[in-house]
Amino acid sequence: MEKSEPRRRSSAARNWPFLAGFVAAERRLGERAQAGGRLTAFAYEFLRFGVKQGWACLFAGLICALLIGTYLFYPPDAALTRYDFLTLAALAIQVALLALGMETWEEAKVIALYHLVGTAMEVFKTAAGSWIYPEASVLRIAGVPLFTGFMYASVGSYIARVWRLFDFRFTRHPPLMLTLPLAGAIYLNFFSHHFMPDLRLVLFAATALLFGRTLVHFKVWHVHRSMPLLVGFGLVSLFIWLAENIGTGARVWLYPSQAAGWSPVSAAKLGSWFLLMIVSYVLVTLVNRPEPMPEAAPAPGSDPRAVGEPIS
């Protein structure tokens, strides 16, 4: 029987038409790097990794730029409040990314789901006094400005985009029938720990049990590299915590400890962001189902079409 040719993912330039114009230039650059020897190829792959990460952070980066820009330059006496401007600007970014083909409708669905999940938690947490939004606004639910949902959505946008950009494959990934209840328990604990014992240590243990042996394989250029998925969760959580320091530094929201003056967000929040990352990741798997890594990967350079694909 004749073996069928392995299914190959389409270049993300087909998913993001905005990238199509860069394909030829990137192909030439990749060919030069490959011809320059191992050191040049390594430097190019490292650069390529950074560019892909930057593209994955597009939505989150624009939101972060808005938070900083409005803190520094938004006129305090403007008829439109700063929070309402942030809401309208975030909505405009979302529409523009879709219209320009810089974001897919699949990603938009994930972002919409995150908006709902994030806003629900924000309404509860602000009512419980976990943090506050110190400025006035019209576009709000209870004490929560509507742009806050976009901040949560930026995490979902990043995961969905980085998944496609790096052609994620997995080894020993737990099934959805186990990860979905874990995500639900984590989300519920963010509410219930105000009334009953905090179960986060149990949830950390359950996360380690489910994902402890899982490897994520990511393709930067020709071949897939690999790392423990839990390490990836930890790294992303760290960057979210750094972004949270930017958000509180720009006085978008404040924790009780920051009411008298800004101070860095407690490192203990890293644990909360790590658990929220699990919720975020599992929600994305509802759209992007984890694919196993083939046992025998092709040798580096065996597929010349891989050179010059900006995103596979």
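The values are calculated or read from the model by the stated rules, or taken from the named source; none is laboratory data. Since this is a predicted model, take the numbers as computed values, not measurements. Cβ coordinates were reconstructed from backbone atoms using ideal geometry, including for glycine residues, and neighbour counts include every protein chain displayed. Calculation scope for accessible area: heavy atoms of the full protein, side chains included, ligands and nucleic acids excluded. Shrake-Rupley method; radii C 1.70, N 1.55, O 1.52, S 1.80 Å.
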Report summary line: Reported set for the range 231-269 where residues are in contact (Cβ under 8 Å) with a residue 12 or more places away in the chain and β-branched (Val, Ile, Thr) is VAL236, ILE240, ILE246, THR248, VAL252, VAL265
Query raised in the report: Among the residues of the range 203-216, is there at least one that is in a loop (DSSP other than H, G, I, E, B) and open to solvent by 30 Å² or more (accessible area, probe 1.4 Å)?
Result: yes
Query - Number of the condition not met by PHE49 [criteria: (1) outside any loop (DSSP other than H, G, I, E, B); (2) at pLDDT below 70] - result: (2)
**Report entry** Candidates LYS125, LYS109, filtered to the one that is of a type outside the set (A, V, I, L, M, F, W, C) and open to solvent by 60 Å² or more (accessible area, probe 1.4 Å)
**Finding:** LYS109
Query - Residue list for the range 128-154, filter: closer than 26 Å to PHE195 by Cα, surrounded by 20 or more Cβ atoms within 10 Å (Cβ to Cβ) and among the polar types (S, T, N, Q) - result: THR148
Query raised in the report: When only residues in the range 191-202 that are among the hydrophobic types (A, V, I, L, M, F, W, C) and either part of a helix (DSSP H, G or I) or open to solvent by less than 40 Å² (accessible area, probe 1.4 Å) (or both) count, which is farthest from HIS173 (Cα to Cα)?
Result: PHE191
Query raised in the report: Among the residues of the range 141-169, which ones are farther than 28 Å from GLY212 by Cα and not in a loop (DSSP other than H, G, I, E, B)?
Result: ILE141, VAL144, PRO145, THR148, GLY149, PHE150, MET151
Report summary line: Checked against (1) under 30 Å from HIS222 (Cβ atoms); (2) hydroxyl-bearing (Ser, Thr, Tyr); (3) without any contact (Cβ under 8 Å) to a residue 12 or more places away in the chain, TYR74 satisfies every condition except (1)
Query raised in the report: Being open to solvent by 40 Å² or more (accessible area, probe 1.4 Å), free of Cβ contacts under 8 Å to residues at least 60 places away in the same chain, more than 17 Å from ARG289 (Cα to Cα) and assigned to a loop (DSSP other than H, G, I, E, B), is that true of even one residue in the range 170-187?
Result: no
Report summary line: Out of (1) surrounded by 12 or more Cβ atoms within 10 Å (Cβ to Cβ); (2) at pLDDT 90 or above; (3) touching a helix residue (DSSP H, G or I) at 6+ places or on another chain (Cβ under 8 Å); (4) of a type outside the set (Phe, Trp, Tyr), the one ALA78 does not meet is (1)
Query raised in the report: Looking at the range 225-248, is at least one residue in a loop (DSSP other than H, G, I, E, B) and open to solvent by 50 Å² or more (accessible area, probe 1.4 Å)?
Result: no
